[in-house]
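Scroll down for the structure; my scribbles are underneath it.
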């Protein structure tokens with residue numbers, strides 16, 4: 001196991017493997033007030049619905065539950081709810097810090113918090129922020145450059161990415177520089193539709209990602225949405241690693257085999273102990 005982890009570290013440092021963060025990285029994360037941060041679909045639903053379970057149909061996947069809330073209360077309500085959740089006071093995880101210390105050029109974070117942005121606040125970087133349901137443009141992202149001196153993001157053209165030393169891609173949105181989230185069924189349908197047409201990420205990343213491996217951290221493939229998002233973001237991949245000690249279901253196994261992923265049979269907590 002030590003050999004596999006050493007190999008992963010080496011590949012992260014030499015930019016051949018790209019870290020890919022999912023909800024599960026928050027399984028041990030609590031806010032300063034002692035609240036547990038959502039770390040899977042069920043806990044996300046409970047958090048969005050004030051601790052109450054929803055119908056079995058809605059409990060299947062948090063995007064369905066979010067869609068239900070959006071239909072009842074409106075788009076703005078859902079955006080404010082998610083923004084409130086991810087602007088609570090909590091620390092970046094040890095895994096966030098360890099990955100940043102590896103100095104990868106490219107990080108994919110499918111969560112909606114700003115912890116990576118906080119850790120990168122003292123160095124130049126570019127941010128690609130996922131968007132959905134934009135009427136004026138097919139692109140489902142915006143590109144920003146970070147001004148270290150003024151601690152601000154500025155909207156820029158994609159060609160800035162050619163020379164960028166560090167790129168943080170948050171396809172499902174973030175609280176910064178302004179709250180924008182892909183979270184409801186309608187958001188995902190729109191984002192995935194345009195992603196399949198090639199409009200979910202800048203052209204430079206379509207070239208950069210070729211023959212890369214991916215390190216899936218806190219990412220589960222037991223829901224269709226997560227599998228489809230991962231598939232679109234990692235096209236032309238060389239393979240990679242999935243960190244999990246859970247038995248994979250039929251659909252998960254099929255996804256792992258199709259994408260030539262190696263399952264590293266460790267809990268995320270045990271992986272972190274070995275990794276840092």
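For segment 154-182, a residue qualifies if it is part of a strand (DSSP E or B) and over 26 Å from residue 12 (Cα atoms), and the qualifying residues are 154, 155, 180, 181.
Of all residues in segment 148-159, those satisfying the criterion of being within 13 Å of residue 176 (Cβ to Cβ) and over 21 Å from the mean Cα position of the chain (by Cα) are 151, 152, 154. Report yes if some residue within segment 217-231 is assigned to a helix (DSSP H, G or I) and within 18 Å of residue 17 (Cβ to Cβ); otherwise report no. For segment 217-231, residues assigned to a helix (DSSP H, G or I) and within 18 Å of residue 17 (Cβ to Cβ): present. Please verify whether segment 237-248 includes one or more residues that are in contact with a helix residue (DSSP H, G or I) (Cβ under 9 Å, 6 or more places away or on another chain) and part of a helix (DSSP H, G or I). Looking through segment 237-248, none of the residues is in contact with a helix residue (DSSP H, G or I) (Cβ under 9 Å, 6 or more places away or on another chain) and part of a helix (DSSP H, G or I).
Quick one: in segment 128-145, which of the residues that are surrounded by 12 or more Cβ atoms within 10 Å (Cβ to Cβ) and touching a helix residue (DSSP H, G or I) at 6+ places or on another chain (Cβ under 7 Å) is farthest from residue 179 (Cα to Cα)?
Filtering first and then ranking leaves 145.
For the residues 76, 53, 61, the requirement of being without any contact (Cβ under 8 Å) to a residue 12 or more places away in the chain and touching a helix residue (DSSP H, G or I) at 6+ places or on another chain (Cβ under 7 Å) singles out 53.
For residue 120, state whether it is modelled with pLDDT of 95 or more and more than 14 Å from the chain's Cα centre (by Cα). The answer is yes for residue 120.
Results for (1) touching a residue at least 60 places away in the same chain (Cβ under 8 Å); (2) under 26 Å from residue 69 (Cβ atoms); (3) surrounded by fewer than 15 Cβ atoms within 10 Å (Cβ to Cβ), shown as yes or no for each residue.
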site	(1), (2), (3)
100	no, no, no
147	no, no, yes
167	yes, no, no
183	yes, yes, no
197	no, no, yes
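Residue 195 meets the stated requirement of being in a helix (DSSP H, G or I) and touching a helix residue (DSSP H, G or I) at 6+ places or on another chain (Cβ under 7 Å). Considering segment 128-145, the residues that are farther than 11 Å from residue 190 by Cβ and free of Cβ contacts under 8 Å to residues at least 12 places away in the same chain include one that is nearest to the chain's Cα centre (by Cα), namely 137. Looking at this structure, is residue 212 out of contact with any helix residue (DSSP H, G or I) (no Cβ under 6 Å at 6 or more places or on another chain), modelled with pLDDT of 95 or more and farther than 30 Å from residue 43 by Cβ? So residue 212 fits the description; yes.
If only residues of segment 254-269 that are in contact with a strand residue (DSSP E or B) (Cβ under 9 Å, 6 or more places away or on another chain) and not in a loop (DSSP other than H, G, I, E, B) are counted, the one that is modelled with the lowest pLDDT is 268. Test residue 39 against the criterion of being surrounded by 14 or more Cβ atoms within 10 Å (Cβ to Cβ), out of contact with any strand residue (DSSP E or B) (no Cβ under 8 Å at 6 or more places or on another chain), outside any helix (DSSP H, G or I) and at pLDDT 95 or above, and give yes or no. In short, yes.
The values are calculated or read from the model by the stated rules, or taken from the named source; none is laboratory data. As the structure is a computational prediction, the values presented were derived from the model and not from experiment. As a convention, Cβ positions derive from the backbone with ideal geometry for all residues, glycine included, and neighbour counts pool all protein chains shown.
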